[in-house]
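> Below are the structure tokens for one structure; questions will follow.
The values are calculated or read from the model by the stated rules, or taken from the named source; none is laboratory data. Remember, predicted model here, so these are calculated numbers, not experimental data. Cβ atoms come from the backbone with ideal geometry, glycine included; neighbour counts cover every protein chain shown. What goes into the accessible areas is simple: the full protein's heavy atoms, side chains included, and nothing from ligands, DNA or RNA. Shrake-Rupley method; radii C 1.70, N 1.55, O 1.52, S 1.80 Å.
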Amino acid sequence: MSNPEILQVGPYPEWDQGPLNAAFTVHQYFDAADKTAFLASVGPNVRAIATRGELGADRTMIEACPELELISVYGVGFDAVDLAACRERGIRVTNTPDVLTKDVADLGVAMMLCLSRGMIGAESWVKDGSWAAKGLYPLKRRVWGRRAGVLGLGRIGYEVAKRLQGFDMQIAYSDVAAKDFASGWEFVGDPVTLAARSDFLFVTLAASAATRHIVGRDVIAALGSEGMLVNISRASNIDEEALLEALESGLLGSAALDVFEGEPALNPRFLGLDNVLLQPHHASGTIETRKAMGQLLRDNLTAHFSGQPLLTPVL
Ligand code: 8YV
């Protein structure tokens with residue numbers, strides 16, 4: 001009996017590609033020169049799509065696969081998957097939560113520390129001879145004891161707040177409702193109020209149509225010229241034009257960003273700023289975590305095709 005045919009939307013590390021090729025007949029969408037023709041050719045036999053959080057699967061792709069049963073996402077974010085198209089046909093969707101939560105939280109906190117203490121510039125100060133020529137590196141801002149806001153106290157937001165507690169920070173969060181497991185942290189009902197009482201604002205909520213630009217001009221202005229915005233969620237949660245204007249004018253102090261509209265082709269205006277820390281959507285980018293994500297992606301596929309319950313269903 002032939003292996004189930006799947007569509008692979010983006011590349012995976014070799015340690016994932018081998019087992020995927022062994023278990024399935026894999027059609028690699030990302031390698032196709034003419035993607036429309038490729039979908040027309042292989043789509044009719046595709047029973048599952050293996051994608052990545054930032055790549056997802058749009059309606060066109062889904063409709064090109066009339067036998068599609070499952071979309072397995074390598075990543076926790078499934079906002080790039082057209083869930084409405086999936087619901088119309090009863091297509092299941094899985095993601096890879098939990099295995100990446102702590103890595104993403106680690107990088108968010110590391111970005112805050114790196115930017116607030118000026119570590120990128122400090123390394124240049126050493127390497128370009130400024131230390132010897134100009135003396136002490138300019139003073140930066142401390143982190144411990146200051147005010148942190150977490151916008152979205154889900155898995156990742158909770159791990160961020162736990163880490164910030166270790167820096168004796170005054171922690172508040174905003175979510176759709178107060179969380180009973182967050183007793184030591186202040187619940188704030190809206191993002192503007194949260195930003196106004198924060199020095200560091202972490203955007204950690206899952207992205208959806210409902211959260212698009214939840215960090216807009218009002219939130220950015222409330223965070224203010226001494227504030228730092230840290231985004232480890234999705235670019236769509238922030239009004240990027242408003243963010244750029246605020247960073248360029250000084251209305252916002254600084255921003256540490258792991259995600260961008262149009263990534264990897266980010267807006268070139270970011271490149272000219274000296275009050276940002278830019279990361280290449282790397283928050284879950286460790287060997288250990290990516291291996292666990294790849295394993296969970298395949299385990300969901302295997303479970304589906306063997307008639308077993310999905311491990312981490314979204315839909
Ligand atoms: C993934 C992400 O690593 O989890 C997500 O949704 O955005 C990242 O953590 C990325 O999608 C993998 O390509």
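> What Kirkwood hydrodynamic radius, in Å, does segment 101-278 give when the mean of 1/r is taken over all pairs of distinct Cα atoms and then inverted?
Mean inverse Cα-Cα distance, inverted, gives 16.5 Å.
> How many angstrom lie between the Cα centre of segment 277-315 and the Cα centre of segment 1-26?
About 14 Å separates the Cα centre of segment 277-315 from the one of segment 1-26.
> Using a 1.4 Å probe on the protein heavy atoms, what percent of the accessible area of the chain belongs to carbon and sulfur?
C and S fraction of accessible area: 55 percent.
> Could you list which residues have their amide H under 5 Å from that of L315, counting only those 5 or more apart in sequence or on another chain, with H placed in the peptide plane?
Result for L315 returns V93.
> Arrange the peptides 135-144, 25-34, 151-160, 55-64 so that the one whose residues have, on average, the most other Cβ atoms within 10 Å appears first.
151-160, 55-64, 25-34, 135-144
> Would you mind checking which residues have amide H under 5 Å from L277's amide H? H placed 1.01 Å from N; only 5 or more apart, or other chain.
A255, A256, L257
> Also, quick follow-up: Take the Cα gyration tensor of segment 84-188, multiply each eigenvalue by 5, square-root it, and list the three semi-axes largest first, rounded to whole angstrom.
Rounded to whole Å, the semi-axes are 37, 21, 10.
> In whole Hz, with x marking every Gly and Pro, tabulate ³J(HN,Hα) for segment 9-20 from phi via Karplus 6.51 cos²θ - 1.76 cosθ + 1.60, θ = phi - 60°.
Couplings: 7, x, x, 10, x, 4, 5, 8, 5, x, x, 5 Hz.
> If you don't mind, another one. Set the Förster distance to 41 Å, then compute FRET efficiency between C114 and D34 from the Cβ-Cβ distance, nearest 0.05.
The formula returns an efficiency of 0.45 here.
> How big is the gap, in Å, between the Cα center of segment 89-145 and the Cα center of segment 225-246?
Each part's Cα centre sits 16 Å from the other's.
> Sticking with this one: For Y74, list long-range residues whose amide hydrogen, built 1.01 Å from N in the peptide plane, is under 5 Å from its own amide hydrogen.
Residues meeting the amide H criterion: T51, R52, G53.
> If you average 1/r over every pair of different alpha-carbon atoms in segment 135-206 and take one over that average, what Kirkwood value in Å do you get?
12.5 Å
> I would also like to ask the following. Determine the relative contact order of segment 101-278: mean sequence separation of Cα pairs under 8 Å and six or more apart, normalised by residue count, in whole percent.
Value for segment 101-278: 18 percent.
> Tell me the Rg and the Dmax, in Å, that the Cα atoms of the chain produce.
Just the Cα atoms of the chain yield Rg and Dmax of 21.4, 72 Å.
> Now, a different point. Work out from phi, with θ = phi - 60° and the Karplus expression 6.51 cos²θ - 1.76 cosθ + 1.60, the ³J(HN,Hα) of each residue of segment 274-289, listed in order in whole Hz, and give x for Gly and Pro.
Couplings: 10, 10, 9, 10, 10, 10, x, 6, 10, 4, 9, x, 10, 4, 4, 5 Hz.
> Hey, which of these cross-link pairs are over 32 Å Cα-Cα: K140/K162; K127/K162; K162/K291?
The answer is K127/K162.
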